[in-house]
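Trainee: Here you go, one structure.
The values are calculated or read from the model by the stated rules, or taken from the named source; none is laboratory data. It should be emphasised that the depicted structure is a prediction, and the values quoted were computed from it without experimental measurement. With ideal geometry, Cβ positions are generated from the backbone for all residues, glycine too; neighbour counts draw on all protein chains shown. Accessible surface areas use protein heavy atoms only, side chains included; no ligands, DNA or RNA. Shrake-Rupley method; radii C 1.70, N 1.55, O 1.52, S 1.80 Å.
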Amino acid sequence: AKKEGRNNFQFFDTTLDIKAHSILELENELRKALDRNEFILHYQPIMDLSRNQFSGVETLIRWEHPFMGRVPPDKFIPIAEETGIIVPIGEWILRTACQQLISWEKRGCYVPNISVNISIRQFYQPQLVSMISNILSETGVAPERLTIEITESMTMDVKSASKILFDLKSLGVNISIDDFGTGYSSLSYLKTFPIDFLKVDQSFIRDIEKGKDDKNIVTTIVSMGHNLGLSVIAEGVETEEQLKFIRQLRCSKAQGYLFSKPLTEQDLIQFLKKSSVY
Ligand code: C2E
Ligand code: CA
Ligand code: CA
Ligand code: CA
């Protein structure tokens, strides 16, 4: 009967209204989601290509809503951003990820490094650096085992971004520029930022098999990273051919379905037991 009621509602609604309604609904549900424990973190392995071994994980949030089902991050992160709900959610993500690292260790699983995505609203919160610093000391995670992932577009305000990045860096954490190649940041500024890694966006990796021009684009992006003196991580690696190609380009790390999908905390333990060396 419940299902029927929903269908009836949609039937009388206009497309626009449904859209507006669902965004509002998402927003309302999002406000309750933290208290209701509806978020869960998944962890995707990142492989070190020079040593042929597991080097860490990227934390990816999942929202399991009781009746909307699994809402993908691409759908709710932008709403969490606009409404500012991302701030408490982001703090929860960081704390949970750091606690998880320690918890794995207590169960005999050493995860060298954990990456956490930071969104723009969070990045420009005045409390960002002290929040991270507090979580590190509270959980006992060594700063060099945490990597903060930000995107190129977040550094548009070069002066402010630079200050935040240097403050973060002085904590001792690693900084990674995500989705590299898709933004419009000026390379000369990137050079002045204290960055450790560039993650080449998966759209470029996907194109590797397409042909010579696409290979040239990936080659250019990776060598741009190397010219900036940075380690390059390839994301979205799905095939052996892509792996072979990025190895030739001397990417230092890779992440993608070829190695593993994002895993639950328990599945990561299984993954590590099965394949300590790829
Ligand atoms: P991202 O940071 O670029 O994350 C990589 C996305 O690629 C993830 O999607 C991951 O599941 C997916 N992926 C990994 N390997 C492969 C592959 O081999 N092939 C393909 N086709 N996809 C692959 P996901 O988890 O849906 O996240 C989407 C985006 O949502 C993320 O992009 C990130 O921008 C955002 N996001 C996810 N979790 C968080 C979070 O905890 N905090 C924040 N602020 N944003 C997050
Ligand atoms: Ca990321
Ligand atoms: Ca990415
Ligand atoms: Ca992305």
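Trainee: Excluding ligands, DNA and RNA, what is the solvent-accessible area per residue of the stretch 221-274 at a probe of 1.4 Å, expressed in Å²? Working shown, then result.
Mentor: On the way: 2680 Å² over 54 residues.
Using a 1.4 Å probe on heavy atoms only, each residue of the stretch 221-274 averages 50 Å².
Trainee: Mind checking which aspartates and glutamates have their Cα closer than 16 Å to the Cα of Lys169? Skip sequence neighbours fewer than 8 apart in that chain.
Mentor: Glu144, Glu149, Asp196
Trainee: Another one. Ignoring any ligand, DNA or RNA, what whole percent of the accessible area of the stretch 150-278 comes from carbon and sulfur when the probe is 1.4 angstrom?
Mentor: Its accessible area is 51 percent carbon and sulfur atoms.
Trainee: Another question about this same structure. Select from Phe67, Phe54, Phe76 the residue whose mean-square fluctuation is largest in a Gaussian network model of the chain (Cα-Cα springs shorter than 10 Å).
Mentor: In this elastic network of the chain, the residue with the biggest mean-square fluctuation among Phe67, Phe54, Phe76 is Phe67.
Trainee: Of all beta bridges DSSP finds with both residues in the chain, what is the antiparallel percent, to the nearest 5? Intermediate results must be reported in sequence, preceding the final value.
Mentor: Working: 17 of 39 bridges.
Of all bridge pairs located within the chain, approximately 45 percent are antiparallel.
Trainee: For the pairs Lys159/Lys212; Lys163/Lys215; Lys106/Lys253; Lys75/Lys253; Lys244/Lys274, flag any whose C-alpha to C-alpha distance is greater than 32 Å. Please list the in-between numbers first.
Mentor: Working: Lys159/Lys212 38 Å; Lys163/Lys215 36 Å; Lys106/Lys253 26 Å; Lys75/Lys253 28 Å; Lys244/Lys274 23 Å.
From the list (Lys159/Lys212; Lys163/Lys215; Lys106/Lys253; Lys75/Lys253; Lys244/Lys274), the Cα-Cα distance tops 32 Å for Lys159/Lys212; Lys163/Lys215.
Trainee: So what are the ³J(HN,Hα) numbers for the stretch 261-268, from phi and the Karplus equation (6.51, -1.76, 1.60; θ = phi - 60°), rounded to whole Hz, Gly and Pro as x?
Mentor: Karplus values, whole Hz, x for Gly and Pro: 6, x, 10, 5, 4, 5, 5, 5.
Trainee: Whole Å is fine, so just give me how far the alpha carbon centre of the stretch 22-39 lies from that of the stretch 128-181.
Mentor: Answer, in whole Å: 27.
Trainee: Under the 0.36 nm per residue contour assumption, what length would be gained going from the current alpha-carbon distance of Arg250 and Glu82 to full extension?
Mentor: On the way: separation 168, 0.36 × 168 = 60.48 nm, distance 3.84 nm.
In short, 56.6 nm is gained.
Trainee: A further question follows. In nanometres, what is the gap between the two model label sites at Arg31 and Val158, each 7 Å from Cα along Cα-to-Cβ?
Mentor: Placing both labels 7 Å along Cα→Cβ, they lie 4.1 nm apart.
Trainee: Also, quick follow-up: If you average the alpha carbon positions of the stretch 42-98 and of the stretch 193-243, how far apart do those two centres end up, in angstrom?
Mentor: When both Cα centres are located, 22 Å separates them.
Trainee: So what is the 222 nm mean residue ellipticity for the chain from helices alone, if each DSSP H run of at least 4 adds -39500 (n - 2.57) and you divide by all residues, rounding to the nearest 500 deg cm²/dmol?
Mentor: -15000 deg cm²/dmol
Trainee: Per residue, how many Å² of accessible area does the stretch 89-135 show with a 1.4 Å probe? Please report the intermediate quantities before stating the final value.
Mentor: Values: 1970 Å² over 47 residues.
With all protein chains present, the stretch 89-135 gives 42 Å² per residue.
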